[in-house]
Amino acid sequence: MGALAAAGAAALLVAGTAAPAEAGQRHRGERYVALGDSYTSGPGIPDQVDLNCARSSRNYPSVAARELNVARFRDASCGGATTEHMWQQQGTNPPQLDALDRKTTIVTLGIGGNDIGFGEIVGTCTMLSFSDPAGNPCEKHYTAGGTDELARRIADTAAKVDKVIEAIHDRAPRARVYVVGYPVIVADSGKGCWPRVAMAQGDVPYLRDTGRRLNAMLRATARENRARYVDTYTPTIGHDICRPPWDRWVEPLVPTSPAAPFHPNAKGEAAMAEAVVEQVRRRGHRYGHGN
């Protein structure tokens with residue numbers, strides 16, 4: 001579980017009704033680069049086009065690139081990536097920032113989950129849930145020292161994401177930068193669905209708040225660094241790990257659709273792509289200057 005990164009049915013994304021033809025035409029000259037971790041790469045979702053990085057041809061960048069009809073698309077995302085892998089090689093994957101150049105016009109960045117220890121958190125909370133299914137053993141574990149360890153990790157990660165966005169602007173000064181948040185994992189309300197998903201009932205609100213805190217940090221950091229934040233949490237509410245298989249966009253420990261545990265399936269990646277496309281199509285976001 002610790003090796004997992006922090007980390008739809010449609011092959012092409014359609015937002016409600018068919019988008020006007022001219023909407024796709026506006027982006028035909030765009031050069032799009034995607035950076036990120038496994039929530040970007042799409043582990044387990046067919047077709048896997050890069051086994052080293054668990055990268056799918058149906059992840060949200062690929063779906064968004066097809067919908068926007070961009071001129072050039074490069075997906076540098078890699079499962080297990082942290083902010084350090086923007087500058088460092090990861091297996092056979094070069095430093096992700098190397099995918100950028102001065103001709104790049106769109107960059108999406110989905111990062112931060114592994115910096116706070118997503119895989120470790122999931123593994124710890126799953127194991128501790130068996131000791132007290134109705135209690136909050138995971139929250140007690142991460143707050144045992146009198147402070148919230150996960151809140152501290154999120155606060156520490158802000159400066160790392162800040163540095164990444166600055167590097168993107170330096171390498172791709174014409175690009176509009178979109179910081180993509182994380183989708184819903186545990187239910188947006190209630191106490192989970194023990195024992196179908198092994199998370200103690202009292203820990204579900206704590207983990208929910210931790211996810212919201214991570215997204216709030218990403219939103220604030222984007223705003224402070226001339227980037228736009230893409231909210232993927234709100235549009236995925238109601239499709240969490242406790243939903244039945246046909247209505248679930250993020251898979252539990254034992255997936256029923258092709259995806260990694262506690263990661264989006266193809267439907268989840270499609271919903272994330274829709275959120276990205278909606279932001280890119282908004283007017284008033286000039287090259288290198290986003291809010």
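The values are calculated or read from the model by the stated rules, or taken from the named source; none is laboratory data. Quick caveat, the model's predicted, so the values are computed rather than measured. Note that we place each Cβ from the backbone using ideal geometry, even for glycine, and neighbour counts take in every protein chain shown. Areas reflect the complete protein model, heavy atoms only, side chains present, ligands, DNA and RNA absent. Shrake-Rupley method; radii C 1.70, N 1.55, O 1.52, S 1.80 Å.
Among the numbered conditions (1) under 19 Å from Val254 (Cα atoms); (2) assigned to a helix (DSSP H, G or I), the only one that Ala222 does not meet is (1). Say whether the condition of being over 17 Å from Ala172 (Cβ atoms), at pLDDT 95 or above, in contact with a strand residue (DSSP E or B) (Cβ under 8 Å, 6 or more places away or on another chain) and surrounded by 14 or more Cβ atoms within 10 Å (Cβ to Cβ) is met by at least one residue in region 82-103. Scanning region 82-103, I find at least one residue that is over 17 Å from Ala172 (Cβ atoms), at pLDDT 95 or above, in contact with a strand residue (DSSP E or B) (Cβ under 8 Å, 6 or more places away or on another chain) and surrounded by 14 or more Cβ atoms within 10 Å (Cβ to Cβ), so the answer is yes. One residue stands out in region 143-177 among those that are assigned to a helix (DSSP H, G or I), of a type in the set (Gly, Ala, Ser) and open to solvent by 40 Å² or more (accessible area, probe 1.4 Å): the one that is farthest from Phe118 (Cα to Cα), namely Ala159. Considering the conditions (1) open to solvent by less than 10 Å² (accessible area, probe 1.4 Å); (2) closer than 26 Å to Asn136 by Cα; (3) not in a loop (DSSP other than H, G, I, E, B), Val184 is excluded by exactly one of them, (3). Give the residues of region 24-40 that are modelled with pLDDT of 50 or more, open to solvent by less than 80 Å² (accessible area, probe 1.4 Å) and outside any strand (DSSP E or B), sorted by residue number. Within region 24-40, His27, Gly29, Glu30, Asp37, Ser38, Tyr39, Thr40 qualify. In this structure, is Leu97 among the aliphatic types (A, V, I, L, M) and over 22 Å from Pro183 (Cα atoms)? Against the criterion (among the aliphatic types (A, V, I, L, M) and over 22 Å from Pro183 (Cα atoms)), Leu97 qualifies.
Let me confirm something: among Lys103, Lys140, which residue is basic (Lys, Arg) and not in a loop (DSSP other than H, G, I, E, B)? Don't jump to the end; show me each part of the working.
Working: Lys103 fails: not in a loop (DSSP other than H, G, I, E, B).
Criteria check complete, one pass: Lys140.
Exactly one residue out of Ala9, Ala5, Ala18, Ala65 is at pLDDT below 95 and buried (at least 23 other Cβ atoms within 10 Å of the Cβ), and it is Ala5.
From the set of residues in region 237-248 that are in a loop (DSSP other than H, G, I, E, B) and open to solvent by 50 Å² or more (accessible area, probe 1.4 Å), which is nearest to Gly44 (Cα to Cα)? Top of the filtered list is Arg243.
For region 192-212, taking the residues that are surrounded by fewer than 17 Cβ atoms within 10 Å (Cβ to Cβ) and among the basic types (Lys, Arg), the one that is farthest from Val107 (Cα to Cα) is identified as Arg196. Criterion first (in contact with a helix residue (DSSP H, G or I) (Cβ under 7 Å, 6 or more places away or on another chain) and in a loop (DSSP other than H, G, I, E, B)) does Leu253 satisfy it? Yes: the conditions hold for Leu253.
Residues in region 249-259 that are buried (at least 22 other Cβ atoms within 10 Å of the Cβ) and among the aliphatic types (A, V, I, L, M) were compared, and the one that is nearest to Arg228 (Cα to Cα) is Val250.
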